[in-house]
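Visitor: Let me begin by handing over the structure; questions about it come next.
Bear in mind that the values in this text are calculations on the coordinates, not laboratory data. As the structure is a prediction and not an experimental result, all values here were calculated from the model. Methodologically, a virtual Cβ is constructed for each residue, glycine included, from the backbone with ideal geometry; neighbour enumeration extends over all protein chains shown.
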Amino acid sequence: MAGNYEEDKWTTKIENLFQAGRLTSHQCIVYNKDSNSKTNHERCGCQRPIRHHSFDGDISEEKPNPKDWNVKDHAKKLQRLIYHSNPSRKFLRCSCESKDDIATLYELMRYTCDIPKLIISIYGGRMHFTLSEDIEKEFMDSLAEIAITPGTWIITSGLNNGVARLVGEGISQFQALTDTKQSTTLLGISWWGKITRKTRRMVLDLQRENLIINNNPINTETLFSFDNKNSHTFEKNHTHFLLLDDGKYRSQYLNNENDQSSTIARNRQLNAHEDVQQQEIQIMNQKDLCTLTKQQQVAFAKATKYPTEMQRSDFVNYACEIDDSYAVTIIVEGGINTCLAVLSEIQVQRPVIFIQGSGKIADVLAGLMDLTAKNKYTPARVPEQDEIEHNLRRFPMRARTEKEHKRLIDQIKEIMHPSVRRYLNVFRNNSELNMKQTIFHAIFKAHFAQIDLLITNLKHDTSERSNKESQKLSLLELAIKWNCFEQATDLLAEMEYMEKELLAKLFKQAVDENRPAFVDYFLRINYDPRRTLDLLKAKRASISNRAEASIPLECDNLCDSETLASKDIIPEFQNQLQLGERGLDFIFELYEKPFNSSKRELHFIQPQSGDELDIQYSEWIGSFMWPVFNDVSSSLTMPVNELCSTFIQHIKYICCCEWNFINRNRNKTKNGFSTLKKMIQQSPILTVPQIIEIKIRDGTLAEELTQAMLRDLLYWSIFTDRIDMAKVFILHIRTRICAALSCAAILRNRVSKTVTSDKHHLYKQQAQDFENYAIDCINTCYSKNERKACELLIREQPLFGKITCMQVAISSESKLFINTDCFSQVLKRICSQLSNAGVNYYTRYRNSSVDTWQTYVERVKDFHQCPMIKMCYHFIGYIWLLLVFSYMVLFKLVPPTDLGREYHWTEIYTIVTISTMLIEYIRRNMFYYITYMREGQQRSLILRLLSSILKSIPYNLFFIGMGLWYGSRRIPSLFTTAKIILALDLELWYLWSLKFITVIKILSPKVFMVRNMLRDLMGFLYVVLICIAAYGVVSRTMIKQGKMEFTARSLFADIFHAPYWLLYADADDEKKTIDDLTSRNNATNLDAESVATHMLLAFHMILFNILLLNLLIAAFATTISKVETNSRYFYHYQVYTMTQEYFEKPIIPVPPFILICYIGSIIRYIYYKLKQCCKKQDDIKKYKYYVTGIFKMIPVDSEFTERCTAFEHAATYDYARRFVENKKGKRPT
């Protein structure tokens, strides 16, 4: 449908312009189709062979020579245009003799294509033209990448030779490799007389087909095809062709340079410029080309325009004049006449780029530029004649006459004039700038040259200055599209004080098109990304003269005032919350594009609310992450919660309906902002808490909300594979260590879910890069301040959902980060303290100079609260439990004979202790769920369920065994079952005691070896089971067929039991069984079966004792090697897990005495609840933290968080900046 629509636009526009008389085409009338010539090579004044004329009217009596032939007197307008259109390419044959014709053609192109922002005109490289492999690849790839950029037009000759063919093939290959369907505008402007006769006949036949089959569909692709081997047909990858026709035939200039008639015609063409050459030189010597008057520019244009390319140059000039487009001319190879093209481009202040290494005139001019360039000793100069001649002799490019040679040297001198050097550029394949950057650098250099002229000539012309500002914005948009930041730095500095609406437009473009350098620049100049949507909306409203309003922009600077009035606090607070809401809308808008893309590989649903983002973050980072958009616990909405607390204090002034309204809507909003706005509007007596008021006055609140916005942008960039963009956002997030670890966690999770091997390797490498980033940052902090660096790992991060760096590292198995010295130091330092703020591993009395009894009490308390001491107490209690349980099973587990017997104390102690341990197990799981301390859990729900089932087996077996034991008093047969179950349960409790030695550095790796080898053993057992079943079934078929009972006991004993012992090389019983069965029956067939069974036994003995045994040993050796390699990681992981477990346990962790702590906690909770009416809400919160004992540093006030954040930001900023600016992505040193 799109192709048909484009075709209709092209056809409709041409018909309209033709009916208006603005499009014409000519035909020579000197001869007609019936004219005869004396020879086959006899030509008309239009240079077409006489026998090739197609005119069918009366011929002209005048027979002009080529010099006297002109369109006005010797040609006639065609009654119908020749044009065609299909989805892939379009062409038009028309005349182009005046500026009006140029305007008409541009109007046609502009109507069917995007408005051009950049026009690249490529000259040279015709006929037999080749480039070196490296230059050709760079040239084709760069131009193809540029061509798919919207608003870019590339203009060539459109013929199937030279640089036009190279450009077309490059774009075609790029689209095929990248599967890109973006439309391009590749325009070929050439003379109708230059294409081959066969091509012209094909075009005419196609036109006749359109006339004959008017409304019926035809196969235009078959008709509109070209001979790829013919160099003067159309290049098949060009999208548009403008075939200019003035009635002349020009092919002989190219096809037959050795022909005498073509030589004469060429000399006449060159001599036509002889009379204006002196005028051209006088103008050049008079002043700078760029400072000529209008009359002088016209005179110079007449002097330098050359007939074969003047229409293309005029076409580009007109486009730049109408739409303020930028244009660049690229010279590839080129011949003698190319110098005229360069002079014409310089005259209109258009940058020119020479491709060095392409040959001929391009290399000549590039070499002369290097030779005569400005250096610290001499300024730029005009090359001497001998220098020019020396460079000309390097290439097979010779002038036909001495006059032509002199003219060429004069033209080169004019091009090399120092006053126009700013428009000349050279692309070198081994330079720092690639082709795309070279083009943009040329545009910028020409732009600043024009600015200098503007300051010189139009100092007080405000309208011209406004036009230049618009061009600057257009140039910046183009720079972002091409990702040319280095070339745009000067222009960005000039537009430092641009309007916020324009800045928002550029920022959104940079984010959408993945331009990290530009995004970094905008964030460094303190652009607030939360305002993007509203600034763009305000810009559109101002353009359409509509008074739309969203966030009151006049409140933007309220926080900047040092004396902010109290009455302005609420509006500014509301303004900040609205900004946060609009920033979240911007995040949702960014997520739409990757989900609408056909090539997306995302493994999550498109988020459309804050709750869905919370679910997404929790799924990909870890379930230990608190919701960041939920009303109850959100770093983004913490000020909302504080304000709600104040609102509750005024509840007696608010009617019941308002309170019910708040309860109904509290959990229905996407992030709490909408509820708060309605609360503010309905409660005029509402006051803002002092801490929020302070944050509003000093701008801290705006900074916190902006950081939250950057966090969401960071996660968006990771989810959409914009890794370089993510590094920029991490640079501007103050808590970089946690940000980098979160990115690594997301990428490692994506590794487990991707199904392609290349993505698997890519995500794994990217995750490792972010982990290295975090490692370098924490090592930098650790080298500057050990204590503060340790605090950074254990402190709660409100910005990232109250997680800690240690939680993220443990959950994502960041082995290298866990092995850092700082991580190890944290585990050593957490030895004693639990305060209202959570973990505090530096004693409170360390600065005390006098020892008092309170100090000793504190020390005793801290000693018993140390996780290691708690674990020692628990270990002692556990060993005592095993001894008591063993005594009970060995000596007191007897068949009950008397229903009224006394219970032994070992039974009571064991039951109470294990029941207490079960209560503690349930409490700990509930505590982890409520406090989100779930980093040690499995990510998969199935694995979590299996883990819970396995951990509950000892408790289930114990209570089942004790129930059967007591039930055996009435049913004695249950006693045996009870004894077996209790014995197995005791075995599990013994094995469970191994967890205490995992914190011993020497033994911890050994336990992990055993655990990992069990995994290998499970897989090995499946292979063994198959081999045992194979031997058991086959051997019993041959020696015991019909002698076995079909019972489970019989099948297990005969098929599995006896062959199992073959694993231990015990084959004597099996051999004896086979011999006994054979000796009882002397039948011949049994002898054969006995031999076959012996052979089968020998084979399985080899299989069991040699192959499988060595396979198991090799698997165990590999596992042991892996564990030894990561022994430090396993040790730190286990120490962290044990420390976390015992840190949150009560001061007496030994069951059953732990019940005393539970009773005490309940009493204290009731006591504080009773005092709640006279205590402030803040006091209750502090008590809650003290009772739960969360394994993280939870600050009482915001000062601690601000100090830690400031230290991390200052310590890691230099590294983060070097990491972003490193183009190759290597870790900075």
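Visitor: Could you work out the pair-distance distribution P(r) of region 867-999 from its alpha-carbon pairs, with 10 angstrom bin width and percents rounded to whole numbers?
Guide: The percentages, shortest bin first, are 10, 36, 32, 16, 5, 0.
Visitor: While we're here: Ranked highest first by the average count of other Cβ atoms within 10 Å around their residues, in what order do 716-726, 1029-1039 fall?
Guide: 716-726, 1029-1039
Visitor: When all alpha-carbon pairs of region 1007-1133 are counted, what percent fall beyond 16 Å?
Guide: Value for region 1007-1133: 67 percent of Cα pairs lie more than 16 Å apart.
Visitor: Based on other C-beta atoms within 10 Å, arrange Phe234, Phe241, Phe1153 from fewest to most.
Guide: Ascending Cβ contact count within 10 Å gives the list Phe1153, Phe241, Phe234.
Visitor: Arrange Asp1075, Asp314 by Cβ neighbour counts within 10 Å, fewest through most, would you?
Guide: Starting with the residue having the fewest Cβ neighbours, the order is Asp1075, Asp314.
Visitor: Let me ask another. Using the structure shown, list the pairs from Lys9/Lys76; Lys9/Lys117; Lys802/Lys1145 with a Cα-Cα distance above 24 Å, or answer none.
Guide: From Lys9/Lys76; Lys9/Lys117; Lys802/Lys1145, over 24 Å: Lys9/Lys76.
Visitor: Which one of Cys96, Ser132, Thr149 has its Cα pushed farthest toward the positive end of the charge dipole of region 22-149, where Lys and Arg give +1 and Asp and Glu give -1 at the Cβ?
Guide: Cys96
Visitor: Which entries in Lys137/Lys727; Lys360/Lys406; Lys505/Lys593; Lys828/Lys1001; Lys788/Lys1192 show an alpha-carbon gap greater than 19 Å?
Guide: Lys137/Lys727
Visitor: Also, quick follow-up: Identify, among Leu957, Thr998, Cys872, the residue whose Cα sits farthest towards the positive end of the charge dipole of region 867-999, taking +1 on the Cβ of Lys and Arg and -1 on the Cβ of Asp and Glu, with the dipole about the Cα centre.
Guide: It is Thr998, whose Cα lies furthest towards the positive end.
Visitor: Moving to a separate point now. With +1 assigned to the C-beta of every Lys and Arg and -1 to the C-beta of every Asp and Glu, and no other charges, what is the dipole magnitude of region 972-1036 about the Cα centre in debye, to the nearest 20?
Guide: Around 180 debye, computed over region 972-1036.
Visitor: Can you compute the charge dipole magnitude of region 867-999 about its Cα centre, using +1 on each Lys and Arg Cβ and -1 on each Asp and Glu Cβ, nothing else charged? Give it in debye, rounded to the nearest 20.
Guide: Dipole magnitude for region 867-999 comes out near 340 debye.
Visitor: Would you work out the relative contact order for region 911-1027, in percent, from Cα pairs under 8 angstrom that are 6 or more residues apart?
Guide: 14
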